[in-house]
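Remarks on the structure that follows.
Derivation of every value follows stated rules applied to the coordinates shown; laboratory data play no part. Please read all numbers here as calculations on a predicted model, not as lab measurements. When we count neighbours, we look across all protein chains shown, and the Cβ atoms used for this are built from the backbone with ideal geometry, even at glycine.
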Amino acid sequence: MRALNNVLVTGGSGFIGSNFIRFLLEKTPEFSGRVINLDVLTYAGNPKNLQDLEEKSERYFFERGDICDRPFVESLFTKYDIDTVVHFAAESHVDRSILEPGAFIKTNVTGTFTLLDASRNYWAASDGARKDGSSLPDMRQDVLFHHVSTDEVFGSLGETGYFTETTPYAPRSPYSASKAAGDHLAMAYHHTYGLPITLTNCSNNYGPYQFPEKLIPLMILNMAEGKPLPVYGDGKNIRDWLYVEDHNAAVWTVMRNGKAGETYNIGGENEWENITLLDALIDIVSEKAGLDAEKIRSNVTFVKDRPGHDRRYAIDCSKIKSELGWKQNVSFEQGLENTVDWYLSNTLWIESVRSGEYRRWMEKNYGGR
């Protein structure tokens with residue numbers, strides 16, 4: 001049985017990570033352990049996402065630091081006796097990876113290696129050599145390193161078919177290539193060292209606290225402010241959309257019941273062309289914000305497609321459903337409404353993110369380490 005008592009969440013101040021920490025501490029009664037959030041606080045990491053938990057929860061701890069900083073990472077394993085790692089931390093925006101690939105290699109490859117190797121060293125069994133006779137120590141098996149990845153590592157689909165756990169990797173951007181490298185490192189550490197690894201590849205997440213560079217929050221805010229709505233190419237690129245809370249419930253399910261050395265796809269089974277999604281968003285935002293839908297539609301602007309833009313993603317998530325019993329609980333319609341409501345009602349959060357105010361607040365409260 002896995003311990004799951006002292007859980008290190010990397011990138012816990014970001015979009016999915018902060019939602020996961022809230023899920024674990026507020027909606028998971030079977031979890032009674034501690035959560036340690038390790039985040040370097042780049043532009044997309046906002047400590048205000050979890051400020052209320054830091055003030056009221058005795059089980060939440062924040063540590064500002066870089067996952068590439070080996071001595072600091074090792075100190076956290078010792079300080080908190082870490083028995084579980086959930087690795088969300090990543091540079092994740094495809095457009096930025098095209099312009100600044102080095103940052104993606106550093107965080108998504110070197111950072112993942114640092115975490116894996118620190119885990120391997122701390123979780124090495126103390127009773128000598130491996131039972132197979134090699135000179136490597138056995139690994140504890142009551143611990144877990146869960147690696148969170150993306151469907152983008154599989155490349156692009158045609159008009160039919162789905163990504164499965166056995167789909168060959170074919171990344172087409174620096175971002176997806178760096179995530180693919182991290183995936184391969186994680187599984188290599190399982191097969192080489194016996195490190196207990198589970199890995200999930202998810203489709204596009206959406207929901208509260210997502211940094212407004214991503215499609216759905218960007219479009220919601222641009223609509224509310226009467227700004228242009230830029231659409232790449234012909235707008236017919238297809239993505240499978242997954243509500244962030246459904247994603248985190250799936251991650252928790254894998255952490256508790258998934259088999260070490262296995263990968264699990266997590267999808268929304270919810271494919272939308274970008275232009276059709278935008279049209280649905282316009283209807284929701286116009287109704288909730290009291291705006292003219294046709295006036296918003298007049299701001300749709302088709303722009304030059306980005307290099308290597310994958311045409312279609314779609315996930316077959318039957319494995320996690322049949323083997324572990326997970327399923328989606330939030331419909332796309334309800335998820336979109338929840339997301340629009342959150343962005344329209346959290347203007348102070350949005351203003352602080354856009355203005356840099358939260359960066360100043362962060363330095364005041366979390367300056368240094």
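Observations on the structure shown:
- Counting only residues at least eight positions apart within a chain, or on another chain, the lysines with an alpha carbon under 16 Å from that of K304 are K236.
- Which of E100, E30 has the fewest Cβ neighbours within 10 Å, and the rest in rising order: E30, E100
- Most mobile of T263, T28, T112 in a GNM of the chain (Cα contacts under 10 Å): T28
- Ordering S331, S13, S322, S156 from the fewest to the most neighbouring beta carbons within 10 Å gives S322, S331, S156, S13.
- Separation between Cα centres of the range 1-30 and the range 49-70, rounded to whole Å: 11
- With Cα atoms, 0 to 90° folded angle of helix 70-80 axis to the chain main axis: 80
- Helix-derived mean residue ellipticity, 222 nm - over the chain, DSSP H n ≥ 4, -39500 (n - 2.57), to 500: -12500 deg cm²/dmol
- Oblate is the label for the range 1-86, because the ratio a/c of its alpha-carbon gyration tensor axes (a ≥ b ≥ c) is 1.5 or higher and a/b is not greater than b/c.
- Length-normalised contact order of the range 6-363 in % [C-alpha pairs under 8 Å, at least 6 apart]: 17
- Charge context of G258, other residues only, Cβ under 11 angstrom, K/R +1, D/E -1: +2
- Taking a ≥ b ≥ c as the square roots of the Cα gyration tensor eigenvalues, the range 1-151 comes out oblate, since a/c reaches at least 1.5 and a/b does not exceed b/c.
- Fraction of beta bridges assigned by DSSP in the chain that are antiparallel (%, nearest 5): 10
- Reported to the nearest whole Å, the Cα centre-to-centre distance from the range 294-355 to the range 163-219 is 17.
- Projected over every direction and averaged, the convex hull enclosing the alpha-carbon atoms of the range 6-363 yields 18.2 nm².
- Residue order, fewest to most surrounding Cβ atoms within 10 angstrom, among D39, D316: D316, D39
- Taking 27 Å as the limit for the C-alpha separation, the pairs K27/K259; K48/K79; K27/K106; K56/K321; K227/K288 exceed it in the case of K27/K106; K56/K321.
- Anisotropy class of the range 59-123 from Cα gyration tensor, a/c 1.5 cut: prolate
- Neighbour net charge for A89 - beta-carbon separation under 13 angstrom, K R +1, D E -1: -2
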